[in-house]
Amino acid sequence: MTDEQAMYAVSQGDLDKAAILYERYKKSLLNFFLYRQHDRENARDLTQQVFLRMLRYRHTYREGASFRTWVLEIARNVFFDHLKQNPTFSDLTEIPDVGDTYDEADEQHQYLHQALTQLPDQYREVLVLSRFQNMSYEEIGQTLGLSVANVKVRVFRAMQKLRDLYFDVSSK
Amino acid sequence: MLNEQIITDYLLGHLSEAERVVFEQRLSTDPVLRKEVEELKQVWQMLQNTEADTDSQMDEAFYKALQGEKILATTVVKLSPSPWRQYFKYAAAVAGIAITFWIGRQTAPIQIEYRTIAAASTPSTPPPTHTASLQEAESTEEDFSNTKIPHKKGKQESIDQQIASLRKEMKMTQELVILSLLKERSASERLKGLNYAAALNNPKPAVIQALIKTLREDESLNVRLSTIETLERFKQTDEVKKVLVNQLARADEPIEQSTLIETLVRMRVKESLPVFEQIQKDEKVDESVRILAKNSIGELSMITE
C-alpha cells in the first residue's frame, strides 16, 4: 500500500492505516527536528504533534496528493509554531556535554552537530530535505521554490560549507 | 551540466550506472576533484550515520493518541448517518428556491398573507379595494356559507394548519441547506452555513451534531470561531458544554483558546475549571491566554449555582 493510499484511507475514516504511516515516517520526522535543534525530548514532542495534526486534519488531505510533501508541510508548520511559542528558543542550542564516557563516534557526532548548528538556514534546510525520505529534487524544489538545477547547486554548496565547518570545529 | 550538479547527483546516488562509471573515471584522473568529492562523501555519510532512532515511549504515545482519535471518530460517525450526504446537493437546489419563497413570505406584510389565502378559498369574491383584514375576508366567506360559525372556525383552523405546515417545511429545508453548506470545501460557504444556522430558533439535533463536527474538524480557524459563537446561541445542553471543554483542551491557536475560555465563562461551565488550570500552568501556551485562564478561574469559581 502506498503512502497516498494509506493516507486516503485515513481521511475516509480508516484510522488504523495511520499506524502504517507512523511506522514509515517516525524516524524521518524525528531526525527532521533533530537536525534543527538537539533536544531529543523536544524533537520527540514535535514529531508527536505532526502525527496528531495528521489525524486531526485528515479531512484536508486530497486524494492523489503526495503524502510526503503534505506531511512535510505539517512538520514545517509545527516547527515554526514551536519557534513562535518559544521566542527565546534558538536552534543554535548548545551541544550537551557528553562527559567522560564519549567515544570517537560520539565525538564525531558532536562535531557534526556543532557544524550543523553553524550552517546558514538555507543550507541546513536543503540538506534536511534531501535526507527526508529521499525526497526528489523536484519535491525539494517545490517546497523551497527552487528549480531542480538550483536545488543541486545548493545541496553541493551546503555540503561544502558543512565540511568546512566540520573540519574547522574538529581541529579546534 | 555543471561540476556542482554532477557531484550532488553522484553523492545522492542519482547518476545512472553509465554516468557513474564515466564520473569515477574522471575522478581517477583528477586528484583535486577526487579529494573534494571524497571529503564531501565523508560528511554526507556521517550525516546519515548520526541519525537517531525512535523509542518505545514515542510509539506508546502515538498509539494512545490514535486510540483516542478512533473513539472520537466513532462517536461522530454514529451521530451523522452517511445516507443523508448523497441527497444534500439535490436538497440544496430545492431549498434554494424554497428559501427565496420563505424570505418573501417573511418580509411581506401579514395582511397580504391572509388575503391571499382567503381569496384563494373564495374565487368568486371580488378583491377588496383597501388593505384587507382577516375579519373582512372571513365575513365575505360567511356570505357564501350556510354553516356559519362552525365552518368559519374550520376554515381558520385549516389556514393555521397550512401556515404551520409551511413554516415547518421551510425550517426543514433551511436545516438541509445549513447541513449541506457546512460540508462545502470553501470556508466562506461554510461560514455562510453558520450564519444561517445562527438564525434558527430551535434547531434539530442533526444541525447541532453537524456544528459539533465542524468545531472539532474544520481546518479553518475562522469557521471554528464562528461555530463556537453559533453553538453558544442555542440551548446549552450538557453535550455542547462538554464538546466546548474538550475543544479547549485540544485547541492550540491562542485566538481559539481565548474565545473558548470567554464562552465557557459566559455559559458558566464549571467543568472547564480543570482545563483552565492546565492551560494556566502550561508554559507552551501563549502568555495572554494563560493570564485569561487564570482570571477566568477566579471568575468562574465565584459564580454560585
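The values are calculated or read from the model by the stated rules, or taken from the named source; none is laboratory data. Worth saying up front: this structure is predicted, and the values here are computed from it rather than measured. We place every Cβ from the backbone using ideal geometry, glycine too, and count neighbours over all the protein chains shown. Surface accessibility is based on the protein's heavy atoms, side chains included, excluding ligands, DNA and RNA. Shrake-Rupley method; radii C 1.70, N 1.55, O 1.52, S 1.80 Å.
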Checklist entry - In whole percent, what relative contact order does region A:117-172 give with Cα contacts below 8 Å and a gap of six or more residues? => result 40 percent
Checklist entry - What nm distance separates the two modelled labels at B:LEU166 and B:GLN48, each placed 7 Å from Cα along Cα→Cβ? => result 7.7 nm
Checklist outcome for this item: For A:ASN86, placing the label point 7 angstrom along Cα-to-beta-carbon and taking region A:52-73, residues whose amide nitrogen sits under 19 Å are A:52-53
Checklist outcome for this item: Check: C-alpha center region A:145-172 vs C-alpha center region B:188-233, spacing in Å is 50 Å
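Hey, got the average number of other protein chain Cβ atoms within 10 angstrom for residues in B:55-62? Don't jump to the answer; show the numbers that get you there.
Working: counts 4, 0, 1, 9, 4, 0, 6, 10.
Average neighbour count from other chains, rounded to a whole number: 4.
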Item to check | Carbon and sulfur %, accessible surface of chain A computed with the full protein complex present, 1.4 Å | outcome: 45 percent
Checklist outcome for this item: Taking r as the C-beta separation of A:LEU144 and B:ASN202 and R0 as 56 Å, the FRET efficiency to the nearest 0.05 is 0.60
Checklist entry - For region A:1-45, list residues with backbone N below 17 Å from a point placed 7 Å from the Cα of A:GLU63 toward its Cβ? => result A:2-15
Item to check | Calculated on alpha-carbon atoms, Rg and Dmax of region B:3-46 in Å | outcome: 9.9, 27
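Set the Förster radius R0 to 56 Å, insert the Cβ-Cβ distance between B:ALA187 and B:GLU19 as r into 1/(1 + (r/R0)^6), and round the FRET efficiency to 0.05. Could the numbers behind the result be given before it?
Values: r = 48 Å, r/R0 = 0.86.
Rounded to the nearest 0.05, the efficiency is 0.70.
Hey, got the average number of other protein chain Cβ atoms within 10 angstrom for residues in B:66-74? Before the final figure, lay out the partial values.
Numbers: counts 8, 1, 2, 8, 5, 1, 3, 5, 2.
Per residue, the average neighbour count from other chains is 4.
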Item to check | Portion, in percent, of the accessible area of region B:3-46 that falls on carbon or sulfur, probe 1.4 Å | outcome: 53 percent
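How well do other chains shield peptide B:259-270, expressed as the mean number of their Cβ atoms within 10 Å of each residue Cβ?
Numbers: counts 0, 0, 0, 0, 0, 0, 0, 0, 0, 0, 0, 0.
So the per-residue partner count for this stretch is 0.
Could you give the accessible area per residue of chain A, probe 1.4 Å, as a whole number in Å²?
Values: 7960 Å² over 172 residues.
Computed with neighbouring chains in place, this is 46 Å² per residue.
Work out the FRET efficiency for B:GLU277 and B:GLU60 from their Cβ-Cβ distance, taking R0 = 35 Å, and round it to the nearest 0.05. Kindly include the intermediate steps, with their values, before the conclusion.
Values: r = 26 Å, r/R0 = 0.73.
The calculated FRET efficiency here is 0.85.
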Item to check | Volume per residue that the Cα convex hull of region A:1-92 spans, once the total is divided by residue count, Å³ | outcome: 86 Å³
Item to check | Amide H contacts under 5 Å for B:VAL269, placed H, 5+ residues apart | outcome: none
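I'd like the Kirkwood hydrodynamic radius of chain A, using the inverse of the mean 1/r over distinct C-alpha pairs, in Å. Show your work: numbers first, answer last.
Working: mean 1/r = 0.0574 Å⁻¹.
It is 17.4 Å.
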Next on the checklist: Explain nothing, just compute: Karplus ³J(HN,Hα) = 6.51 cos²θ - 1.76 cosθ + 1.60, θ = phi - 60°, for every residue of region B:21-28 in order, whole Hz, x for Gly and Pro.
Outcome noted: 4, 4, 5, 5, 5, 5, 5, 5
Checklist outcome for this item: Among GluC sites (Glu not before Pro) in region B:244-291, those in a DSSP loop whose Cβ has at most 11 other Cβ atoms within 10 Å are B:GLU283
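With a cut-off of 8 Å between alpha carbons and a minimum separation of six or more residues, what is the relative contact order of chain A in percent? Intermediate values should be presented prior to the final figure.
On the way: 144 pairs, mean separation 37.9, N = 172.
Relative contact order comes out at 22 percent.
Which of the three applies to region B:208-305, rounded, prolate or oblate, going by the alpha-carbon gyration tensor with a ≥ b ≥ c and a/c under 1.5 meaning rounded? Numbers along the way, then the final one.
Details: a/c = 2.06, a/b = 1.20, b/c = 1.71.
Oblate.
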Checklist outcome for this item: Reported to the nearest 10 Å², A:HIS59 has, with a 1.4 Å probe, an accessible area equal to 70 Å²
Next on the checklist: With just the Cα atoms defining each centre, how far is region A:1-21 from region B:19-49? Give it in Å.
Outcome noted: 40 Å
Item to check | Ranked by how many other beta carbons lie within 10 Å on average, peptides B:174-184, A:15-25 from highest | outcome: B:174-184, A:15-25
Checklist entry - Stokes-Einstein at 10 °C, 1.306 mPa s, Kirkwood radius from Cα pairs: D for region A:103-172 in µm² s⁻¹? => result 125 µm²/s
